[in-house]
1. Of all DSSP beta bridges located in the chain, what percent are antiparallel, nearest 5?
2. Using only the Cα atoms of region 37-127, build the gyration tensor, take square roots of its eigenvalues as a ≥ b ≥ c, and label the shape rounded, prolate or oblate: rounded if a/c is under 1.5, else prolate if a/b is larger than b/c, else oblate.
3. Take the eigenvalues of the Cα gyration tensor for region 198-319, scale each by 5, and report the square roots as semi-axes in whole Å, largest first.
4. Mind running the shape call on the chain? Use the C-alpha gyration tensor, a ≥ b ≥ c as the square roots of the eigenvalues: rounded below 1.5 for a/c, prolate if a/b tops b/c, oblate otherwise.
5. Say the cut-off is 22 Å between C-alpha atoms; which of K21/K140; K21/K173; K22/K121; K49/K386 go over it?
6. Distance between the C-alpha centers of region 257-307 and region 72-126? Whole Å please.
7. Which Rg and Dmax, in Å, describe the Cα atoms of region 275-392?
8. Report, in order of residue number, the helices in the chain meeting two criteria: a C-alpha extent of 15 Å or more along the helix axis, and a mean Kyte-Doolittle hydropathy of at least -1.0; treat each whole DSSP H run as one helix.
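Please treat every number below as a calculation from the coordinates, not as lab data. Every value quoted in this text rests on a predicted model; they were computed, and no experiment measured them.
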Amino acid sequence: MKSAPVIVPGFGFASVPAGIKKSGSDDLALIFSETVATTAGVFTTNRVKAAPVKLSRKRISSRQGQAIIVNSGNANACTGKEGYRDAEETAGMAARTLGIPHRLVYVSSTGVIGRPLPMEKIRKAVPDLAGKLSPFDLDKVASAIMTTDTFAKICSTGIRVGRKTGVIAGIAKGAGMICPNMATMLCFIFTDIAIEPDALDSALGKAVGNSFNRIAIDNDMSTNDTVLIMANGLLRNTPVSMRSAAYKRFENALCDITTGLARMIVKDGEGATKLVEITVRRARSETDAETVARTVANSMLVKTAIYGRDPNWGRIIAAIGYSGVGVDEAKIDIYLGNIRLVRKGTGTGKEEAARNLLAQKNISVLIDLGAGTKSAKVLTCDLTEKYIEINAHYTT
């Protein structure tokens with residue numbers, strides 16, 4: 001039975017096939033708020049940034065927005081001044097069609113790097129796009145922004161603010177070029193809750209830091225990573241501030257949304273067959289714990305061993321050793337699920353039992369450094385032949 005559509009009061013969604021993708025599927029999407037929304041964003045830390053990222057980063061300083069126009073199939077990255085003009089024109093077309101100021105429109109793109117946007121196709125598609133706006137079509141937009149993804153990614157939740165209940169919903173795309181500090185991923189989040197700009201910035205930073213910045217698929221960072229959140233305030237609540245009783249509930253709910261989407265991205269990793277959760281505990285600092293977890297998550301040898309159902313804990317402890325964190329191997333314990341593979345730096349001889357656990361779709365690895373009280377968690381996936389197949393012919 002088909003689930004009910006996710007609706008966020010005051011937001012409309014639309015998508016059309018503009019002809020950017022060879023497949024002919026929807027590849028141009030529009031998100032529109034009936035009112036000007038408080039807006040916050042986080043973008044790629046890659047020094048090479050796509051034109052839409054440059055434009056949206058410039059506009060986010062206003063902390064306001066009303067629309068986002070997104071294309072898939074073309075990154076509009078490394079396209080020079082023409083690419084920036086194309087991003088501006090795309091935003092301008094959306095603004096004129098919607099009857100709103102240009103500065104309130106954000107642009108996002110995902111796809112192949114280095115190719116000019118097919119502007120003639122986009123010019124023809126934008127009027128049709130705006131005419132299809134509907135509160136019921138969030139799922140269509142989630143599908144339209146996909147590239148190598150195999151399924152659309154949507155999360156939503158309700159949150160009590162005073163005597164009212166608001167909605168937070170988000171969509172994301174991403175399956176490859178997933179590296180620390182986001183990835184070739186886009187995420188758009190919407191809420192009808194009124195919230196002050198500083199509070200929204202803070203909550204988004206915390207949510208991204210604990211979710212999208214703690215996933216790893218292939219150790220590559222994209223030029224287009226973008227997370228945008230729009231809060232249109234139609235719940236008519238007293239705006240949430242950093243001092244409000246509701247702020248922590250909002251922050252936690254937002255973290256739930258981004259964490260749910262992050263898990264979907266890792267589960268949908270290009271060619272992946274397993275979702276792997278790596279937890280490091282008893283580290284001297286949270287930074288040490290995250291560094292060790294991230295190093296193990298990004299190890300090609302660890303990822304291929306997990307795919308091959310090979311409980312080769314030597315690859316894990318080697319990655320811990322070269323992480324750059326000061327560790328004492330004689331204090332390290334490693335668990336696969338509930339099986340202790342390593343005790344105080346030496347093997348326990350339980351590889352065969354661990355091999356059976358590696359047949360599961362969800363794998364947990366616990367690393368105990370025995371050095372302190374801090375912990376961190378990173379999500380990753382296995383590495384398979386399918387990943388090579390997808391990326392060996394991505395542009396052809």
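1. 70 percent
2. oblate
3. Sorted largest first and rounded, they come to 34, 17, 12 Å.
4. prolate
5. Beyond 22 Å: K49/K386.
6. 34 Å
7. Here Rg and the maximum Cα pair distance are 13.6, 43 Å.
8. Result, helices passing both filters: 80-98, 119-131, 197-209, 247-267, 286-298.
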